[in-house]
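Taking it in order: structure first as structure tokens, then the write-up.
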Amino acid sequence: MKHLYRQLTWPEARDRAQSGAVIIIPVAAIEQHGFHLPIDVDNVLVEYVTEEAAQRSEGAILVAPMIHYGFNEHNMGFPGTITIRDTVFVDFCEDVARSFVRQGYDRIIFINGHGSNQMLCNLAARRINNTTSALCASAAHWALAKPAVDKLREATYPGGMAHGCEFETAMYLHIAPELVDMTKATPYETPSEMGQFVYDDLFGSGPVNLVNRWSRITETGIEGDPTLATAEKGKAFTECSIRNLIMFCREFRAYVTPPDRNFNHQVKTP
Ligand SMILES: [Zn+2]
């Protein structure tokens, strides 16, 4: 059964909506990832995880064409980066999801590969939930890999896994090793760390959110330690993420939405 939404004919798109397929909308970014990785990291990782999950789901999941660009203003001091304005991005994500709802799909999830997109994907999903009968969720692919990371992580916490780091480099080494130049990987750096309240890590940031312009605080562009990455770790992270994504989509499909209720005092109009 086809797992890529773009390859369906229109009658097939209608039939798959009726059969209850869960739609994954992959969301990524084009941005610098240090000296050792290409600028397409977020695209490559999120595409691999979502397409593999859909392919292995036996028809339960369809993966939509990816949203390649993300919200990246803080990284514009580095060549290679493309940014979409926050309001444009969230409207765009909402419109894509809403198009699926209008076709009859009622379970949609954004799977995101770029940290700064997350709050905007969450917001787009909530707009769908607040205005339609469908359910829309969102998650970062690395969050789904947490059990494997807990086992294999060597980078220090916090800051050792944040950007172009052990995690992202390991996954790229697993998916397309020929494009990674480990001789250029720079060791441990934690540019976002500022006192005890501000720090950044894929697996738990500080209690205070403060995202500075990246060029002010780093010369390499990375945050973390990519020298600890191996393809074996990458395979474990990737497979964990795929497994959990399939499992979530099955739970998501089975979840019965309780009906809307309105507990407000109803004013009678004459
Ligand atoms: Zn990245």
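Does segment 164-186 contain at least one residue that is without any contact (Cβ under 8 Å) to a residue 40 or more places away in the chain and touching a Pro at 6+ places or on another chain (Cβ under 8 Å)?
no
Looking at this structure, is Val256 of a type in the set (Val, Ile, Thr) and either outside any loop (DSSP other than H, G, I, E, B) or farther than 30 Å from Ile23 by Cα (or both)? Reasoning before the result, please.
Values: of a type in the set (Val, Ile, Thr): yes; either outside any loop (DSSP other than H, G, I, E, B) or farther than 30 Å from Ile23 by Cα (or both): no.
No.
Return only the number of the condition from (1) away from the ligand (no atom under 16 Å from the Cβ); (2) outside any loop (DSSP other than H, G, I, E, B) that Ala139 does not satisfy.
(1)
Just checking, how many residues over segment 161-185 are polar (S, T, N, Q) and away from the ligand (no atom under 15 Å from the Cβ)?
First, pick out the residues of segment 161-185 that are polar (S, T, N, Q): 169, 183.
Add one more test, that the residue is away from the ligand (no atom under 15 Å from the Cβ), and what stays is 183.
Residues in segment 161-185 being polar (S, T, N, Q) and away from the ligand (no atom under 15 Å from the Cβ): 1 in total.
Please go through segment 75-119 and give me each residue that is buried (at least 19 other Cβ atoms within 10 Å of the Cβ), in a helix (DSSP H, G or I) and aromatic (Phe, Trp, Tyr), ordered by number.
Phe89, Phe100
Which members of segment 17-63 meet the condition of being surrounded by fewer than 21 Cβ atoms within 10 Å (Cβ to Cβ) and in contact (Cβ under 8 Å) with a residue 60 or more places away in the chain?
Result: Ala17, Gln18, Gly20, Phe35, Pro38, Val44, Glu52, Arg56, Ala60.
Where a number appears in this text, it was derived from the coordinates with a stated rule and is not lab data. From a predicted model like this one, the values you see are computed outputs, not experimental measurements. For neighbour counting, all protein chains shown are included, and Cβ atoms are generated from backbone atoms with ideal geometry for every residue, glycine included.
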